[in-house]
């Protein structure tokens, strides 16, 4: 898969997602070997989600080099969770992947993420 195809698959996944109400693309670009995507989403439950990824295509695979997904409570305008791989928590298992839960200072180990996995996780959380 090249970067063009990946970017189109991300936009299609957002458009087809049962939990996404609206998508506002803030910035996107792609070359054959790399790309960037940032969007603001309104979820069907009234929450907001901001997503961004910088990715590269190498050997027919996509590698997410940098990501940040911030899920905000729509009513209270408070952080629910933010997943990212910024390198500011080397003390955590699975560094640099981590999750901020309900506050910037509450940080837990995370896993490598991509938008498709995020949508699956949110779908599961919102169904509970």
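Can you put 120, 18 in order, fewest other beta carbons within 10 Å first?
18, 120
Return the FRET efficiency for the residue pair residue 42, residue 105: r is the Cβ-Cβ distance, R0 is 35 Å, and the value is rounded to the nearest 0.05.
Approximately 0.85, to the nearest 0.05.
Find how much the distance from residue 56 to residue 5 grows on full extension, using 0.36 nm per residue of separation minus their present alpha carbon separation; answer in nm with one decimal.
17.2 nm
Among 77, 102, 11, which one moves the most in a GNM of the chain with springs linking Cα atoms closer than 10 Å?
Sorting by GNM fluctuation, first place goes to 77.
Indicate the gyration tensor shape class of the stretch 74-128 (rounded, prolate or oblate), computed on the Cα atoms with a ≥ b ≥ c the square roots of the eigenvalues: a/c under 1.5 is rounded; otherwise a/b larger than b/c is prolate and the rest oblate.
The shape class here is oblate.
Using a 10 Å cut-off around each Cβ, can you sort 20, 51 from fewest to most neighbouring Cβ atoms?
20, 51
What is the order of 84, 73, 93, 128, fewest Cβ neighbours within 10 Å to most?
Result, fewest neighbours first: 128, 93, 73, 84.
Each reported figure results from applying straightforward, stated rules to the coordinates on display, with no laboratory input. Keep in mind the model is a prediction, meaning the values are calculated, not measured. Positions of Cβ are generated from backbone atoms using ideal geometry, with glycine treated the same way; all protein chains shown enter the neighbour counts.
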